[in-house]
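In what follows, a single structure is set out as structure tokens and then discussed.
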Amino acid sequence: MKRVVFILMAIVSLGSFISCSEDDNEEQENDPVVVVPEPGVDVVSLPVVIHVIHNGEAVGTGPNMSESRIRRQIEILNEDFRRKAGTRGFNDHPDGGDTKMEFVLAKQTPTGEAFNGINRIDASQVQVPDLGYNQNHYAQYAYWDTKAYINIWTTPLPEDAICFSLGNATGPETDLPGTEFLSIPGPNDADGILVNWAHFGESDIDCHARFGRTLTHEMGHYFALLHTWGNGRDCALNDFCDDTPAVVEPVFGRTPKEGCDGETIMMGNYMNYSDDDIMNIFTLDQIARMHYVLKNHPGRKALISSPGLQNP
């Protein structure tokens with residue numbers, strides 16, 4: 001089986017401003033040192049804006065979710081990406097790892113105003129063309145600079161969409177193999193993540209997807225991860241990560257089963273459609289793939305130094 005392993009060499013870059021006189025070249029005592037976070041070495045913070053699309057409900061009701069529920073979703077996202085001990089996101093699998101990626105609710109708007117990261121929009125008061133369930137439709141309500149914010153729209157889908165429409169995400173255009181299987185936005189397409197409000201954060205809905213793992217899964221796509229079955233046709237290529245056992249069909253549920261070459265499928269991988277409560281692993285090769293995007297995709301890389309990470 002020939003698949004690709006991505007190995008990233010990371011070096012911490014330190015920049016400093018040095019003042020020199022005619023007499024000497026010594027660094028002045030008060031000169032600042034600028035530390036540039038390096039994906040894979042340092043923990044990298046990335047700003048998100050949650051565009052809460054609702055239909056006029058009071059805050060905390062239905063699609064107009066409470067701030068506490070939204071904040072809990074971001075906690076879950078970080079528990080998963082950081083493999084935090086004592087949470088559902090922890091694993092001790094030898095192929096599992098800490099992505100060293102953390103997500104922060106944006107602290108300021110594009111115009112520099114203080115912000116809590118939550119942008120509430122009453123869709124009943126805004127007329128936009130019906131473009132269907134996709135980023136382009138919801139970007140008509142709000143769409144912030146993708147080099148400064150990860151746009152996440154929570155969508156006010158009806159109850160009959162629960163456990164049927166969970167979410168989707170665009171992926172980055174890079175030279176990574178398998179990029180053609182991601183949803184790459186065209187010139188006039190929006191870039192971001194959609195999540196059905198019912199699957200955003202924790203809830204008691206009657207569905208396997210009720211512990212906030214929809215956003216974890218979609219964020220994986222946003223940073224170029226494929227489903228573990230890739231295009232669903234080729235055991236040899238699959239998801240281009242050697243440490244995810246190969247499979248050529250969508251993975252649902254929670255019961256271990258055999259994939260390609262008799263290997264046991266990694267049921268807990270976030271890039272399956274497994275039950276939320278058993279998901280708990282990004283593998284080292286998946287993490288390396290995401291780091292590659294952070295280092296080489298201009299838009300994703302720019303997020304690391306976004307003003308949205310700083311208080312105004």
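Going by the structure shown, is E75 touching a strand residue (DSSP E or B) at 6+ places or on another chain (Cβ under 8 Å), among the acidic types (D, E) and outside any strand (DSSP E or B)? For E75, the condition - touching a strand residue (DSSP E or B) at 6+ places or on another chain (Cβ under 8 Å), among the acidic types (D, E) and outside any strand (DSSP E or B) - is not met.
Take the conditions (1) more than 30 Å from D285 (Cβ to Cβ); (2) touching a strand residue (DSSP E or B) at 6+ places or on another chain (Cβ under 7 Å); (3) not small (G, A, S); N188 misses just one of them, which is (2).
Select, from E173, E180, the only residue that is assigned to a loop (DSSP other than H, G, I, E, B) and either out of contact with any Ser or Thr (no Cβ under 8 Å at 6 or more places or on another chain) or acidic (D, E) (or both). Give the steps one after another, and end with the answer.
Values: E180 fails: assigned to a loop (DSSP other than H, G, I, E, B).
Of the residues listed, the single one that is assigned to a loop (DSSP other than H, G, I, E, B) and either out of contact with any Ser or Thr (no Cβ under 8 Å at 6 or more places or on another chain) or acidic (D, E) (or both) is E173.
Within segment 191-204, how many residues turn out to be surrounded by fewer than 19 Cβ atoms within 10 Å (Cβ to Cβ) and either of a type in the set (S, T, Y) or assigned to a loop (DSSP other than H, G, I, E, B) (or both)? Full working, then the answer.
Quick first cut of segment 191-204, residues surrounded by fewer than 19 Cβ atoms within 10 Å (Cβ to Cβ) only: 202-204.
Restricting the remaining residues to those that are either of a type in the set (S, T, Y) or assigned to a loop (DSSP other than H, G, I, E, B) (or both) gives 203-204.
Total satisfying the criteria: 2.
Quick check on L226: is it farther than 16 Å from G97 by Cα, modelled with pLDDT under 95 and crowded, with 17+ Cβ neighbours inside 10 Å? Spelling it out, it is not the case that L226 is farther than 16 Å from G97 by Cα, modelled with pLDDT under 95 and crowded, with 17+ Cβ neighbours inside 10 Å. Of all the residues in segment 205-221, those that are of a type in the set (F, W, Y) and surrounded by 24 or more Cβ atoms within 10 Å (Cβ to Cβ) number 0.
Could you run through segment 91-114 and say how many residues are small (G, A, S), over 22 Å from C241 (Cβ atoms) and buried (at least 17 other Cβ atoms within 10 Å of the Cβ)? Working first, answer last.
Of segment 91-114, the ones small (G, A, S) are 96-97, 106, 112, 114.
So of that shortlist, the ones also over 22 Å from C241 (Cβ atoms) come out as 106, 112, 114.
Next cut, buried (at least 17 other Cβ atoms within 10 Å of the Cβ) only: 106.
Total satisfying the criteria: 1.
If you filter segment 142-187 down to residues that are within 25 Å of V104 (Cβ to Cβ) and hydroxyl-bearing (S, T, Y), you find that the one that is surrounded by the most Cβ atoms within 10 Å (Cβ to Cβ) is T154.
Taking segment 258-283 as the range and being out of contact with any Phe, Trp or Tyr (no Cβ under 9 Å at 6 or more places or on another chain) and surrounded by fewer than 22 Cβ atoms within 10 Å (Cβ to Cβ) as the test, the residues that pass are E258, C260, D261, G262, E263, T264, M267, G268, I278.
Regarding segment 163-186, can at least one residue be identified that is of a type in the set (A, V, I, L, M) and in contact with a Lys or Arg (Cβ under 8 Å, 6 or more places away or on another chain)?
Yes, there is a match, as at least one residue in segment 163-186 is of a type in the set (A, V, I, L, M) and in contact with a Lys or Arg (Cβ under 8 Å, 6 or more places away or on another chain).
In segment 98-122, which residues are hydrophobic (A, V, I, L, M, F, W, C) and over 30 Å from I287 (Cβ atoms)? Show your work before the answer.
Our first condition is that a residue be hydrophobic (A, V, I, L, M, F, W, C); within segment 98-122, this holds for 101, 103-106, 114-115, 118, 121.
Once the filter is applied, which keeps residues that are hydrophobic (A, V, I, L, M, F, W, C) and over 30 Å from I287 (Cβ atoms), segment 98-122 yields A114, I121.
The set of residues from segment 289-312 being within 14 Å of Y222 (Cα to Cα) and buried (at least 20 other Cβ atoms within 10 Å of the Cβ) comprises R289, M290, H291, Y292, V293, L294, R300, L303.
Taking I287 as the residue in question, decide whether it is touching a residue at least 12 places away in the same chain (Cβ under 8 Å) and within 15 Å of the chain's Cα centre (by Cα).
Details: touching a residue at least 12 places away in the same chain (Cβ under 8 Å): yes; within 15 Å of the chain's Cα centre (by Cα): yes.
Judged against the criteria, I287 is a match.
Scan segment 65-110 for residues that are without any contact (Cβ under 8 Å) to a residue 60 or more places away in the chain and closer than 22 Å to D204 by Cβ and jot them down. Of everything in segment 65-110, those that are without any contact (Cβ under 8 Å) to a residue 60 or more places away in the chain and closer than 22 Å to D204 by Cβ turn out to be S66, E67, S68, R71, I74, E75, E79, T87. When segment 111-141 is filtered for residues that are in a loop (DSSP other than H, G, I, E, B), touching a residue at least 40 places away in the same chain (Cβ under 8 Å) and in contact with a Phe, Trp or Tyr (Cβ under 8 Å, 6 or more places away or on another chain), only Y141 remains.
For segment 257-311, filtering for residues that are assigned to a loop (DSSP other than H, G, I, E, B) and modelled with pLDDT of 95 or more leaves 15. Within segment 41-66, if we keep just the residues that are part of a loop (DSSP other than H, G, I, E, B), surrounded by fewer than 21 Cβ atoms within 10 Å (Cβ to Cβ) and among the aliphatic types (A, V, I, L, M), the residue that is modelled with the lowest pLDDT turns out to be V41. Here segment 255-273 is the region considered, the condition is being out of contact with any Pro (no Cβ under 8 Å at 6 or more places or on another chain) and without any contact (Cβ under 8 Å) to a residue 40 or more places away in the chain, and the residue that is farthest from L237 (Cα to Cα) is T255.
The values are calculated or read from the model by the stated rules, or taken from the named source; none is laboratory data. Please read these numbers as outputs of a predicted model, since none were measured by experiment. FYI the Cβ positions are ideal-geometry reconstructions off the backbone, even for glycines, and counts take in every protein chain you see.
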